[in-house]
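Below is one structure, written out as structure tokens; comments come after it.
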Amino acid sequence: MALKATHIQTSSKGKQTKTTFGVGDTIRVFTKIKEGEKTRQQAFEGIVIKIKGRDVSKTFTVRRVGAQQIGVERIIPLASPTIDKIEVIKKGLRGVRRAKLYYIRDKARKEIDAIYTRTVKREESKATGKQKTKKRITKKTSKKTSTKK
């Protein structure tokens, strides 16, 4: 039950970069495709639904909603040599509490975006609420410190 995965990219100069992503993140996966003698890159962008396995056999599933609201899922091995690079476009929220997001299959794109915006608003309201309580506490303590003679 993995919630995070790390992809290590090695450039032609020998430099390694790590990309860490998790369930609920929106990512773009660039794969190398060989057509005849030419090779090109193809991007697949979507939400990570699940991460499964360990070590070399670790795979992740990316889902996107294509034309005419048709969902396309792709299972990609993490250690595949055809993966050129992985970009994290949007981090999954802390509101994602599942290792497998199968319930996203039944929802439209607008409903998924509504879930993300709802949790963002909830986190923002919690953060502002904590700041207000800190201000109240400091005001109360400053009143108590004044002494009467």
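The values are calculated or read from the model by the stated rules, or taken from the named source; none is laboratory data. Note that the structure is predicted; figures quoted are calculated from it, not measured. Heads up, the Cβs are rebuilt from the backbone with ideal geometry, glycines too, and the neighbour counts pull from every protein chain shown.
Numbers below:
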{"read-out": "For I75: the one exception among (1) over 14 Å from F60 (Cβ atoms); (2) at pLDDT 85 or above; (3) loosely packed, with under 13 Cβ neighbours inside 10 Å", "value": "(1)"}
{"read-out": "Every residue from segment 4-22 that is closer than 14 Å to L78 by Cα and either of a type in the set (G, A, S) or touching a Gly at 6+ places or on another chain (Cβ under 6 Å) (or both)", "value": "K4, A5, G22"}
{"read-out": "Matching residues in segment 26-78 - criterion: being of a type in the set (A, V, I, L, M) and not in a strand (DSSP E or B)", "value": "V56, A67, I70, L78"}
{"read-out": "Where a residue in segment 8-27 is in contact (Cβ under 8 Å) with a residue 12 or more places away in the chain and its partner, wherever it lies, is exposed (fewer than 10 other Cβ atoms within 10 Å of the Cβ) and not in a loop (DSSP other than H, G, I, E, B), with Cβ under 7 Å and at least six apart", "value": "Q9/Q16"}
{"read-out": "Segment 104-120, subset among the hydrophobic types (A, V, I, L, M, F, W, C) and either closer than 14 Å to V23 by Cβ or assigned to a helix (DSSP H, G or I) (or both), residue farthest from the chain's Cα centre (by Cα)", "value": "A114"}
{"read-out": "Test: K100 is at pLDDT below 90 and exposed (fewer than 13 other Cβ atoms within 10 Å of the Cβ)", "value": "no"}
{"read-out": "Single unsatisfied condition, R54 versus (1) farther than 30 Å from A127 by Cβ; (2) surrounded by 14 or more Cβ atoms within 10 Å (Cβ to Cβ); (3) at pLDDT below 90", "value": "(2)"}
{"read-out": "Residue pairs meeting the criteria (Cβ under 7 Å; at least 6 apart or on separate chains; first of a type in the set (A, V, I, L, M, F, W, C), in segment 28-40; second loosely packed, with under 10 Cβ neighbours inside 10 Å)", "value": "I33/R40"}
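Results for (1) over 30 Å from K110 (Cβ atoms); (2) not β-branched (V, I, T), shown as yes or no for each residue.
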{"site": "Q9", "(1), (2)": "yes, yes"}
{"site": "S12", "(1), (2)": "yes, yes"}
{"site": "T17", "(1), (2)": "yes, no"}
{"site": "T39", "(1), (2)": "yes, no"}
{"site": "F44", "(1), (2)": "no, yes"}
{"site": "I47", "(1), (2)": "no, no"}
{"site": "Q69", "(1), (2)": "no, yes"}
{"site": "R74", "(1), (2)": "no, yes"}
